[in-house]
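Below is one structure, written out as structure tokens; the observations come after it.
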Amino acid sequence: MTLLPVVGLDRLTDDAVRVVFGVPAGERDVFRYAPGQHVTVRVELGGTEARRAYSLCAAPFGDGVGADAATLSIAVKELGPGGFGEIAAAKLGVGDLVEVLPPAGRFVLQTGPEHVGIVAGSGVTPVLAMAEVALARGDRFTLIYGNRTASSVMFLEELADLKDRYPERLMVLHVLSREPREAALLTGRIDAERLPELLDAAAPGPEARYYLCGPMAMVDTAKEVLAGRGVGRGQVHFELFHAEDAPPPAAYAETAKVLADGDVDVTVTLGGRRTQLAMSKDDDSVLAAVLKARPDTPYSCTGGVCGTCRAKIVTGEVAMAHDYALEPEEKAEGFVLACQSRPLTSTVELDFDA
Ligand code: FES
């Protein structure tokens, strides 16, 4: 965690603000990021620690596309009282210091001549950063962007500016669910009926990469629609806001039996340092056990969504309750989400640096 100063604050919509952090010269390498990555902010709320992940919504600093000054911009929605959103909107001021974790995440812009973002609400934030970079390097970008009403659309101005700069290569389809638009195609939700028509209108080529970001139902629908159109799994990348409750897989129940037999020997490598600890049946997850010995362990959502707690299994085996963040290839390579993992073996070794 590093304390970063707020250097800018402005309102994006009625319920969202942009917060810009300055990155001191000595921290620039730590806070360099790829378009699409997120940072986690940590705040104390009523004596308890709260962490939230926010996508970086501008092209990376110092890469010739983003700002020259080292800054990180996030878009924060006010989601009712008691969260970082409320603090950002009501209490935060320029010059305040906020604890921020280095950028993370593998939902990033890929190489290729064409990209399609399918997003809803604040799901636009990582994809906006991707679009800026992709367009600057000469790629085509289509953004299918769902919102409730015109007044809830974030980054309208930024998107209009990009459209002015790259009229031939950027297509933005604003879809509004609670406000009629002139075209019936653009009125309603991004669902299984409308999305194929929107994709027909955009007519992406066979090499296009797809970036899905929004609520789980929209992301799942988009995945199915794309698979039905013959788009390869490797061309589809996604990030969820939050996950809906689902029962854990059967193997997860086995972890309770392993822990009932006695403490599990857990070894972690983090920041180049190895630490050994005991996980007991009272620890909800490997992450919860590891945090007691290594409070510097990275995490954010604790819900299997953000991927911040990703680690590679070196020895032993775990079962995950949920996983909404890992790509199939990462799982095949042995990566797990520590916040969702419990042991299936009496010894487990994880590498957070892998
Ligand atoms: S902390 Fe977000 S997936 Fe584990």
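Condition check for F238 on (1) farther than 30 Å from R209 by Cβ; (2) within 15 Å of the ligand (Cβ to nearest atom): one failure, at (1). Applying a threshold of 7 Å to beta carbon distances and a minimum spacing of six or more residues, or different chains, the list of pairs starting in region 60-71 at a residue that is at positive phi and ending at one that is part of a loop (DSSP other than H, G, I, E, B) and surrounded by 17 or more Cβ atoms within 10 Å (Cβ to Cβ) reads G62/A70. In region 69-83, the residue that is modelled with the lowest pLDDT out of those that are outside any loop (DSSP other than H, G, I, E, B) and not polar (S, T, N, Q) is K77. Residues that are more than 16 Å from the ligand (Cβ to nearest atom), among the small types (G, A, S) and farther than 17 Å from L109 by Cα within region 34-61 comprise G46, G47, listed in sequence order. Every listed requirement among (1) closer than 26 Å to Q235 by Cα; (2) in contact (Cβ under 8 Å) with a residue 60 or more places away in the chain is met by V286 save one, (1). Among the conditions (1) at pLDDT below 90; (2) part of a strand (DSSP E or B); (3) among the charged types (D, E, K, R), the only one that D10 does not satisfy is (1).
Here the condition is being without any contact (Cβ under 8 Å) to a residue 60 or more places away in the chain, within 30 Å of V127 (Cβ to Cβ) and buried (at least 21 other Cβ atoms within 10 Å of the Cβ); of C309, C301, it holds for C309 alone.
Scanning region 340-354 for residues that are within 22 Å of the chain's Cα centre (by Cα) and not charged (D, E, K, R) turns up Q340, S341, F352, A354. For region 331-354, filtered to residues that are surrounded by fewer than 17 Cβ atoms within 10 Å (Cβ to Cβ) and in a helix (DSSP H, G or I), the residue that is nearest to the ligand (Cβ to nearest atom) is K331.
Regarding V108, is this residue among the hydrophobic types (A, V, I, L, M, F, W, C) and in a strand (DSSP E or B)? Criteria not met by V108. With respect to the stated conditions, D283 is among the acidic types (D, E) and crowded, with 17+ Cβ neighbours inside 10 Å. Considering region 281-296, the residues that are modelled with pLDDT of 95 or more and of a type outside the set (D, E, K, R) include one that is farthest from the ligand (Cβ to nearest atom), namely A293. Would you call H174 within 30 Å of P328 (Cα to Cα) and surrounded by 13 or more Cβ atoms within 10 Å (Cβ to Cβ)? It is false that H174 is within 30 Å of P328 (Cα to Cα) and surrounded by 13 or more Cβ atoms within 10 Å (Cβ to Cβ). Are any residues in region 315-330 within 11 Å of the ligand (Cβ to nearest atom), of a type outside the set (D, E) and more than 13 Å from the chain's Cα centre (by Cα), and if so, which ones? Listed by number, the residues that qualify are M320, A321, H322. Any residue that is assigned to a strand (DSSP E or B) and surrounded by 15 or more Cβ atoms within 10 Å (Cβ to Cβ) - is there at least one of those in region 84-96? Checking region 84-96: not a single residue is assigned to a strand (DSSP E or B) and surrounded by 15 or more Cβ atoms within 10 Å (Cβ to Cβ). Taking the numbered list (1) within 10 Å of the ligand (Cβ to nearest atom); (2) under 24 Å from Q276 (Cβ atoms) in turn, K312 passes all entries but (1).
Can you name the residue in region 26-42 that is touching a strand residue (DSSP E or B) at 6+ places or on another chain (Cβ under 9 Å), in a loop (DSSP other than H, G, I, E, B) and not aromatic (F, W, Y) and, of all such residues, is surrounded by the fewest Cβ atoms within 10 Å (Cβ to Cβ)? Filtering region 26-42 for residues that are touching a strand residue (DSSP E or B) at 6+ places or on another chain (Cβ under 9 Å), in a loop (DSSP other than H, G, I, E, B) and not aromatic (F, W, Y), the one surrounded by the fewest Cβ atoms within 10 Å (Cβ to Cβ) comes out as V30. Residues that are among the hydrophobic types (A, V, I, L, M, F, W, C) and out of contact with any helix residue (DSSP H, G or I) (no Cβ under 7 Å at 6 or more places or on another chain) were ranked within region 97-120; the one that is surrounded by the fewest Cβ atoms within 10 Å (Cβ to Cβ) is L97. Mind checking which residues of region 43-59 are touching a Phe, Trp or Tyr at 6+ places or on another chain (Cβ under 9 Å) and surrounded by fewer than 23 Cβ atoms within 10 Å (Cβ to Cβ)? Passing the criteria: V43, L45, A50, R51, R52.
The values are calculated or read from the model by the stated rules, or taken from the named source; none is laboratory data. What you see is a predicted model; the values in this text were computed from it and never measured. With ideal geometry, Cβ positions are generated from the backbone for all residues, glycine too; neighbour counts draw on all protein chains shown.
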